[in-house]
Amino acid sequence: MNNLNSILLEGNLTKDPLTKTFDNSMLCTFVIASNRSYKKDDEYHKEVSYFSIESWGKTAENCGKYLTKGSGVRVVGRLKQDRWEDDGEKMHQKTKIVAEHVDFFPRQKKSTIENNAKGNGKQNAEEMTEVFDEASNRDEDLEEDQEVSLSGDTDTDTDT
């Protein structure tokens, strides 16, 4: 029996996508920031989550060709967990999303973002820009940030 493994995410690319070609097949990897607003105790809060995405084949070609830092996307795919053992025999794991379908959103002008923020009352344009800038300043892939040992310990030393 196959178990359900499906995910749907929307967000913006934190930097330009990376592409590689392997034996006539293309791989495109990118990271998206997904914003969430919620209300708790009559106060609005914001939360940003970052997700590593990989796409293959024609989907990868299109992502590499049309996406850039800040592009909005909707990703339909599945979760995949990679596991490996380092030289010190410590087990690591990384969970990523393998995209099966990617929708591209048109870029919004700043005035549109400001009007949307005023209309929904969840975040103002300054907060939305701050969240996007925070995501844009992440220079490194999230692979190292998301490494977790199988015992549950989080790796924080990323440059060893």
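In Å³ and rounded to a whole number, note down the convex hull volume per residue for the Cα atoms of segment 1-81. Numbers along the way, then the final one.
Working: hull volume 10.1 nm³, N = 81.
Considering the Cα atoms of segment 1-81, their hull volume per residue is 125 Å³.
Given a Förster distance of 41 Å, report the FRET efficiency between E43 and N3 from their Cβ-Cβ distance, rounded to the nearest 0.05. Spell out each step's value before the answer.
On the way: r = 39 Å, r/R0 = 0.94.
Efficiency for this residue pair is about 0.60.
I want to make sure I understand the PRE zone here: with the label point 7 angstrom from the Cα of W56 toward its beta carbon, which residues in segment 3-18 have backbone N atoms less than 17 Å away?
What the label zone holds, given the 17 Å backbone N cut-off, is 5-7.
Under 10 Å from the Cβ of R74, count the other residues' Cβ atoms, weight Lys and Arg +1, Asp and Glu -1, and hand me the total. List each step's numbers first, then the result.
Values: positive: none; negative: E10, D103.
Net charge around R74: -2.
Hey, which of these cross-link pairs are over 19 Å Cα-Cα: K69/K94; K40/K96; K15/K96; K20/K58? Can you show the working numbers first?
Details: K69/K94 23 Å; K40/K96 30 Å; K15/K96 17 Å; K20/K58 13 Å.
Where the Cα-Cα span goes over 19 Å, the pairs concerned are K69/K94; K40/K96.
Laboratory data are not the source of any read-out in this text; all were calculated from the coordinates shown. Fair warning: this is a prediction, and the values are worked out from it, not measured in the lab. Note that each Cβ is placed from the backbone with ideal geometry, even for glycine, and that neighbours are counted across all protein chains shown.
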